[in-house]
Amino acid sequence: MTFVLDASIALAWCFGDQTNPTSETALDRLEHEDARVPGLWSLEIANVLVVAERRGRLSPAQSARFLELLGQLPITVDEIERDATLTTVLALARSTGLTAYDASYLALAAASGVPLATADAGLRRAASAVGVDLVGPPEGR
């Protein structure tokens, strides 16, 4: 099965202090499943890495290594068509109070009928409100 991967989950793998049960579950799932991400995902990842470098949290070599590791995972960038952006994403952002950026993850999950892996509380609430399943740890974990 496929799932949509929010940047917050992927970045938790880079920064050990941000790991959580959902990020661990998503990484485990990538052993036998693939993930889809909207086109802005790559920009979000790059932006967080460059900011972390500027703040001295990561070196350029560490960022490069993380990108190399991400590149080995079965993650597919799914470009949203312009019309979908102007209609579905905008409507979801309006109805849920999300940014258009976060709404793009929700729109992709909803359109694909797959669960969403995110650490963002607002995005988790919005997903539940519109009936999108969430990736989480197995029961008892």
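Quick notes on this structure:
- Residue 104 falls short on exactly one of the conditions (1) modelled with pLDDT under 95; (2) closer than 21 Å to residue 20 by Cβ; (3) crowded, with 19+ Cβ neighbours inside 10 Å, and that condition is (2).
- Filtered residue count, the stretch 132-141, keeping only those that are modelled with pLDDT under 95 and loosely packed, with under 14 Cβ neighbours inside 10 Å: 4
- Against the test of being of a type in the set (A, V, I, L, M, F, W, C) and touching a residue at least 60 places away in the same chain (Cβ under 8 Å), the options 52, 35 yield a single qualifying residue, 35.
- Scanning the stretch 1-29 for residues that are in contact (Cβ under 8 Å) with a residue 60 or more places away in the chain, charged (D, E, K, R) and in a helix (DSSP H, G or I) yields a total of 2.
- The residue that is surrounded by the most Cβ atoms within 10 Å (Cβ to Cβ), among those in the stretch 47-63 that are of a type outside the set (S, T, N, Q) and farther than 15 Å from residue 13 by Cβ, is 53.
- With a requirement of 3 or more residues that are closer than 29 Å to residue 131 by Cα, the helices (runs of 4 or more DSSP H) lying completely within the stretch 33-102 that satisfy it span 40-54, 90-96.
- Looking across the stretch 111-128, the residues that are part of a helix (DSSP H, G or I) and within 14 Å of the chain's Cα centre (by Cα) come down to 121, 122, 123, 124, 127.
- Comparison of 94, 36 shows that the only residue that is surrounded by 18 or more Cβ atoms within 10 Å (Cβ to Cβ), charged (D, E, K, R) and within 20 Å of residue 123 (Cα to Cα) is 36.
- Checking 99, 88 one by one, the residue that is surrounded by 19 or more Cβ atoms within 10 Å (Cβ to Cβ) and either farther than 16 Å from residue 124 by Cα or out of contact with any Ser or Thr (no Cβ under 9 Å at 6 or more places or on another chain) (or both) is 88 and no other.
- Failed item in (1) touching a residue at least 60 places away in the same chain (Cβ under 8 Å); (2) outside any helix (DSSP H, G or I), with residue 108 passing the rest: (2)
The values are calculated or read from the model by the stated rules, or taken from the named source; none is laboratory data. Computed from a prediction, not measured in an experiment: that's the story for all the values here. Every residue, glycine as well, gets a Cβ built from its backbone with ideal geometry; the counts of neighbours run over all protein chains shown.
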